[in-house]
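Visitor: This structure is in structure tokens; I'll ask about it shortly.
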Amino acid sequence: MIAPATHLPRVVLYEGPGSQPFKGAERLALLAGLLDRGYWVTRADTTAAASDGNAVLVVGCFAGAAPAVVADSQPVSVIDATGLASDATIDRIEVARADEPMNRPNGPDTWKPWFPVIDTDRCTNCMQCLTFCLFDVYGVASDHTLRVENPANCKVNCPACSRVCPEVAIMFPKYHAGPIDGSPVRQQDVAAEKMKVDISALLGGDIYERLRQRSEGAKARFSKERDAKQALSERRRCLTKLADAAQIPREVLDALPTPEEIERRTAAAAEKAAAALAAQSTPATPTT
Amino acid sequence: MTTASKPSTDSAEPRIVYCRCAYAQVVPEEVKQEVLAGIAASGRGFEAVADLCEMAARRDPQLKALAADDRPLKIAACWPRAVEGLFRLADAPLPTHGVEILNMRSDAAPQVLASILEQPAGVTDTEADV
Ligand code: SF4
Ligand code: SF4
């Protein structure tokens, strides 16, 4: 899970007065190494540029005498990289950063930033996605429009809600193909997306409803026959069909809550959507 | 060797932002590496971030600061529709003028570099690494 509203650790690569420039290959290796570890890097050649923002570390080839690169009020560490290879500089940065929590691109508990992004030029605020999502990713903004409220609740690699949007307004920037990846929407995409909505209708109007019915059927058979194997294979068949039709990763379907919980969440989301739609159609009270 | 011939805070010089897309392999590795190498060798000041998506999800306040900056902004990332949506999601909508988004997902590195390093008329270029 990601921490909300935290700053990305920012490292300033300082190459201004009072320092020697990095060698070209070292500068590139340092930049790439820090970015691939999740940092924000600013390359600055003036002390003003270095002070701009919330630097946590300033790195430069100072030959032992670091200039006053940032304002005294800023809690920063200054690292002299004179004579150090990029790997050794990165090691020093990691030590200086201490135990500040941060998401890491290749860390053991990495959260892959996967969540829906709304094209507000296309979105009509119909709230279908809000009703569809079981994980509270969507919410309603104070102006009654759709808002991606809890991006970190989204199930990684699942683009299912983009399939229910009739306007092709939902993007997943890390998806592998257009238009879901954010590439321009063509007329044929709009038609194709409409077809996908129909697929969901074919599955019973709502894939979760379909899943719920199947799960309940399987549960009833399970209790009657006490045949766990059959119930499991029934559930698997159903999930595979759903996964193929709506391109939902199996892990996501496997992790769905109980049918009762699905029902509860669907009702809560539908209520939220209905309230937003009602507010949208109510003319604003004129202020005096 | 890199030397600074003018401060990088000059109001006419665009601010450069490079996105590494570090949490996914959707931007071709060789394109993002070549673009980073070109920007790093240009002698210009710039911001390089690990992953704009990750920052947008955290609604990182630094995105607001970028969007609110008076200077023109050039962002090397992916599809402009997605990048604009990410800034909006982070409550940091990009201004409608003065922002150029370069697409490393669809365009070749030389094309991205030529656009991102292009200076407005009247701005002296810095001396780049060779
Ligand atoms: S389903 Fe599409 S158009 Fe409707 S609110 Fe969601 S994003 Fe907007
Ligand atoms: S904005 Fe585009 S390039 Fe940057 S991290 Fe997101 S998907 Fe990758």
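The values are calculated or read from the model by the stated rules, or taken from the named source; none is laboratory data. All of these numbers come straight from a predicted model, not from anything done at the bench. Methodologically, a virtual Cβ is constructed for each residue, glycine included, from the backbone with ideal geometry; neighbour enumeration extends over all protein chains shown. Surface areas here come from the heavy atoms of the whole protein model, side chains and all, with no ligands, DNA or RNA. Shrake-Rupley method; radii C 1.70, N 1.55, O 1.52, S 1.80 Å.
Visitor: Over 32 Å between C-alpha atoms is what I'm after, so list which of A:174/B:74; A:23/A:174; A:155/A:272; A:272/B:32 land there.
Guide: A:23/A:174; A:272/B:32
Visitor: Follow-up question, since we're still on this one. Roughly to the nearest percent, how much of the accessible area of chain B is carbon and sulfur, given a 1.4 Å probe? All intermediate terms of the calculation are to be shown ahead of the outcome.
Guide: Numbers: 2750 of 4960 Å².
Ligands and nucleic acids excluded, carbon and sulfur give 56 percent.
Visitor: Hey, can you grab everything whose amide H is under 5 Å from the amide H of residue A:12? Only 5+ residues off in sequence or another chain; H modelled, so Pro and N-termini drop out.
Guide: The list, which skips near neighbours in sequence, is A:42, A:56, A:57, A:58, A:59.
Visitor: Output the direction-averaged projected area (hull surface divided by four) of the convex hull of the alpha-carbon atoms of chain B, in nm².
Guide: Working: hull surface 30.5 nm².
So the Cα hull casts an average projection of 7.6 nm².
Visitor: Could you tell me which GluC sites (Glu not before Pro) in region B:30-130 are loop residues by DSSP with no more than 12 other beta carbons within 10 angstrom of their beta carbon?
Guide: Counting only loop positions with at most 12 other Cβ atoms within 10 Å, the GluC sites (Glu not before Pro) in region B:30-130 are B:118.
Visitor: Another one. Which trypsin sites (Lys or Arg not before Pro) does region A:99-201 hold that lie in a coil by DSSP with at most 13 other beta carbons within 10 Å?
Guide: A:186
Visitor: Still on this structure: Out of residues 5 or more away from residue B:73 or on other chains, whose amide H comes under 5 Å of its own, with H placed 1.01 Å from N in the peptide plane?
Guide: So residue B:73 has HN proximity to B:15, B:99, B:100.
Visitor: Can you give the FRET efficiency for residue B:59 and residue B:108, using 1/(1 + (r/R0)^6), R0 = 41 Å, r = Cβ-Cβ distance, to the nearest 0.05?
Guide: With a Förster radius of 41 Å, E is 0.80.
Visitor: In Å², rounded to the nearest 100, what is the total accessible surface buried by chains A and B against each other with a 1.4 Å probe?
Guide: For A against B, buried area totals roughly 4400 Å².
Visitor: Let me ask something additional. Which value, in debye to the nearest 20, describes the size of the charge dipole of region A:111-192 about its Cα centre when Lys and Arg Cβ atoms bear +1, Asp and Glu Cβ atoms bear -1, and nothing else is charged?
Guide: For region A:111-192, the charge dipole is close to 280 debye.
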